[in-house]
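Okay, structure first, notes after.
No lab work stands behind these numbers, since they all come straight from the coordinates. No experiment lies behind these values; they were computed from the predicted model shown. Cβ sites come from the backbone with ideal geometry, for glycine too, and all protein chains shown count toward neighbours.
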Amino acid sequence: DPTTGQIVTSCVIDRELVNQYVLVVVAADSGLPALFSSVDVRISVEDINDNAPVVLTKEIHVKENQKPMEHVGIINASDTDFGRNAELVFSKVEDSEFSSSTPFLVQSNGEIISAVSLDRELRSQYTMEVSVRDKGNPRQSSLAKIIIIVDDINDNAPIITSPCLYDDDDDDNVINFGKVSNDSSRGSITIDWYSPEDKKVVYQVLAEDDDIGENSQLRFSIETVTSDDTFNKAPTPQNDPLFRINEQTGELLLARFLRRNDQFQQLINISVIDKGDPALTAFCVLNVTFSVDLGHLTTPKTTKPRTVKSNRRRRKYGNGASISGFFATKYFLLVLIFLNFVIKF
């Protein structure tokens, strides 16, 4: 006011927009010449609690299998007010339909604690409703939903779903191969000794993994092939293996034709390994029996036994010779000698 010097507002003042003003005030007398002086007036805008806090956290990740009462995460929120009006207190909305089944505690400082150990394979995601309020007068508050995602760790070994020779009822079977299944047909394969090119796949090992991502990606490999029922932990090197396996699909294939020096019954130990860290492994043992015709093992199936017998005869008597030809020639000579004797007498 030019007369009283009173400073008044000319518009609405918002501390969150401008929290301080600096005015230059000039005072002058009415003399001639007029004399005056000036002063800088600094005006600070005091805060009132006119803003509710806002939760900034939307999603929190936590690894599964952590111990109960462990730290999960921290809720972040903001309040544009100042001082006590911006001091925040967090809490879980217990009677909310989202929060009632969540195993989490919310501390007043916004820290989230898990009351139990989490298992992603049982539940991978939770939604929890939280409240945040300030300490102003009157208090301002707001609600927000936070999604808690349980991240996977490699805590599940592959599960083989196709029949194998050994049971998995005992945990020790994963390493020691357990005992032979009561079902004699389980994990037993009988194949013909001669397999055409389009029928090289003799079996497929199927497996699954309850984990996700790389922890569930599986690789199949042949660890051991033996004709004995005793397994070595290290695979036996073979320069010309009879079997091979598709690493991605688990298809077991014949790599070549069966030979006389091959065992007609073989036990194959197949491992299934995931790509987790550390990697977990399961084993499948198969009992493979060849249905063999010993007489035709070294010849194609289309070869007739008569042809083989004829070849053996040629090897014994020479090329172009036969028993019947030998006796026919001898009989013809005797007839000639007899006729010559009759003519003379």
- Per DSSP, the loop-located GluC sites (Glu not before Pro) within segment 30-108 having at most 16 other beta carbons within 10 Å are GLU46, GLU87, GLU94, GLU97
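When the chain is fully extended, how far beyond the present Cα-Cα distance does GLU97 get from GLN66, taking 0.36 nm per residue of separation?
Numbers: separation 31, 0.36 × 31 = 11.16 nm, distance 2.55 nm.
Result: 8.6 nm gained on full extension.
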- Two-site label geometry, ASP14 and GLN204: point separation in nm, points 7 Å out along Cα→Cβ: 6.5
- Task: Check each of the trypsin sites (Lys or Arg not before Pro) in segment 1-76 and keep only those in coil by DSSP with at most 16 other C-beta atoms within 10 angstrom; list them in order.
- Result: LYS58
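What does the extension gain come out to for GLU247 and ASN137, with contour length at 0.36 nm per residue minus their alpha carbon separation? Present the calculation step by step, with values, prior to reporting the outcome.
Working: separation 110, 0.36 × 110 = 39.60 nm, distance 6.79 nm.
Difference between extended and current length: 32.8 nm.
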- Note on the structure: Phi angles of segment 148-154, converted by Karplus (6.51 cos²θ - 1.76 cosθ + 1.60, θ = phi - 60°) into ³J(HN,Hα) in whole Hz with x for Gly and Pro, give 10, 9, 8, 7, 7, 10, 7
- Links that overshoot a 28 Å alpha carbon limit, given the list LYS63/LYS135; LYS67/LYS275; LYS58/LYS275: LYS63/LYS135; LYS58/LYS275
- Note on the structure: Quick shape summary for segment 64-166, equivalent ellipsoid via Cα gyration tensor, semi-axes whole Å in descending order, reads 39, 12, 10
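Suppose the chain between ASP29 and ASP262 were pulled fully straight at 0.36 nm per residue; how much longer would it get relative to their current alpha carbon spacing? Write down the numbers at each step before the final one.
Working: separation 233, 0.36 × 233 = 83.88 nm, distance 12.33 nm.
Length gained, ASP29 through ASP262: 71.6 nm.
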- Note on the structure: The set of residues whose placed amide H lies less than 5 Å from the amide H of LYS63, leaving out same-chain residues fewer than 5 positions away, is ASP151
